[in-house]
1. Take the stretch 116-126 and flag every residue that is of a type outside the set (A, V, I, L, M, F, W, C) and more than 17 Å from Thr184 (Cα to Cα).
2. I need the full set of residues from the stretch 135-156 which are assigned to a helix (DSSP H, G or I) and at pLDDT below 95, in order please.
3. Whether any residue in the stretch 143-153 is of a type in the set (S, T, N, Q), surrounded by 14 or more Cβ atoms within 10 Å (Cβ to Cβ) and farther than 28 Å from His8 by Cα is what I want to check.
4. Could you please find all residues in the stretch 33-76 being within 25 Å of Leu193 (Cβ to Cβ), open to solvent by less than 70 Å² (accessible area, probe 1.4 Å) and out of contact with any Phe, Trp or Tyr (no Cβ under 9 Å at 6 or more places or on another chain)?
5. Quick one: is Ser194 surrounded by fewer than 17 Cβ atoms within 10 Å (Cβ to Cβ) and touching a helix residue (DSSP H, G or I) at 6+ places or on another chain (Cβ under 9 Å)?
6. Would you be able to tell me the number of residues in the stretch 27-72 that are among the aromatic types (Phe, Trp, Tyr) and part of a helix (DSSP H, G or I)?
7. Which members of the stretch 117-132 meet the condition of being within 20 Å of the chain's Cα centre (by Cα) and open to solvent by less than 90 Å² (accessible area, probe 1.4 Å)?
Amino acid sequence: MLFTVDAHPGLASGAITVTFRHWSRPQAKVGGRYRVGETTLLVDNVGQVEVGAITDDDARRAGEADAKALVARLSRRPRGRYVDPASFDVGPDTLVWRVEFHRVDADGPKLADRDDLEEDDVAEIARRLDRLDAASSHGPWTREVLRLIADNPGVVSTTLAEAVGRERQAFKTDVRKLKRLGLTESLLTGYRLSPRGEAYLAIINQA
């Protein structure tokens, strides 16, 4: 995947985790690794969405200020090569490709695959989950959501959100926080625990 140079710092820091593309067919695949500058990206999800469904949160994850700014970028025709002008007539019903990814180490297993947890690893995961719980406006949620995903792999996020009395978009935002800790993985529909998440849950369930 190609990115403009101004996006490279956000990709390297992990701040940019989504991109939207005017592809006639997908040019990235789930599980594919792509080198951008000094950063390696691992693709988690690829699918089409209507432009009108793009949220401000999506836009910020793509490196833009809000959805309006992202739509403006999608409407700009690239310089230096011919493209069909009609393909850049963007409206609410226009379909674009949404690619979700995360930064990984170029060498060695990604964090989510590291399931050989030592005592210090377990303590660090617990500390970070406690911090997420403490910062939440709706009370502790991290372990509950981990168990929910463990029991319902591949279930659509709307159903999972309803099970815990949450609004869907807010629930998805929370799950992404668990993903950044290497505990969950996105599927084409729903989620699953990563090997690291499974190992951590097994340990705390035995406690």
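1. Glu118, Glu119, Asp120
2. Of the residues in the stretch 135-156, the ones assigned to a helix (DSSP H, G or I) are 135, 142-151.
Ala135, the sole residue that qualifies.
3. First, the residues of the stretch 143-153 that are of a type in the set (S, T, N, Q): 152.
So of that shortlist, the ones also surrounded by 14 or more Cβ atoms within 10 Å (Cβ to Cβ) come out as 152.
When the remaining residues are screened for being farther than 28 Å from His8 by Cα, the result is 152.
Yes; the residues of the stretch 143-153 include at least one that is of a type in the set (S, T, N, Q), surrounded by 14 or more Cβ atoms within 10 Å (Cβ to Cβ) and farther than 28 Å from His8 by Cα.
4. Asp57, Arg61
5. Working: surrounded by fewer than 17 Cβ atoms within 10 Å (Cβ to Cβ): no; touching a helix residue (DSSP H, G or I) at 6+ places or on another chain (Cβ under 9 Å): yes.
Spelling it out, it is not the case that Ser194 is surrounded by fewer than 17 Cβ atoms within 10 Å (Cβ to Cβ) and touching a helix residue (DSSP H, G or I) at 6+ places or on another chain (Cβ under 9 Å).
6. Here is the first cut: in the stretch 27-72, the residues among the aromatic types (Phe, Trp, Tyr) are 34.
After this cut, where a residue has to be part of a helix (DSSP H, G or I) as well, the list is none.
Result for the stretch 27-72: 0.
7. Ile125, Leu129, Leu132, listed by residue number.
Yes or no, residue by residue, for (1) among the charged types (D, E, K, R); (2) part of a helix (DSSP H, G or I); (3) at pLDDT below 85; (4) surrounded by fewer than 16 Cβ atoms within 10 Å (Cβ to Cβ):
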site	(1), (2), (3), (4)
Pro78	no, no, yes, yes
Tyr82	no, no, yes, yes
Val96	no, no, no, no
Arg103	yes, no, no, no
Asp115	yes, no, no, no
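The values are calculated or read from the model by the stated rules, or taken from the named source; none is laboratory data. All values reported here derive from a predicted model rather than from experimental measurement. Reconstructed Cβ throughout: ideal geometry from the backbone, glycine too, with neighbour counts over all protein chains shown. The area values use the complete protein model at the heavy-atom level, side chains included, leaving out ligands, DNA and RNA. Shrake-Rupley method; radii C 1.70, N 1.55, O 1.52, S 1.80 Å.
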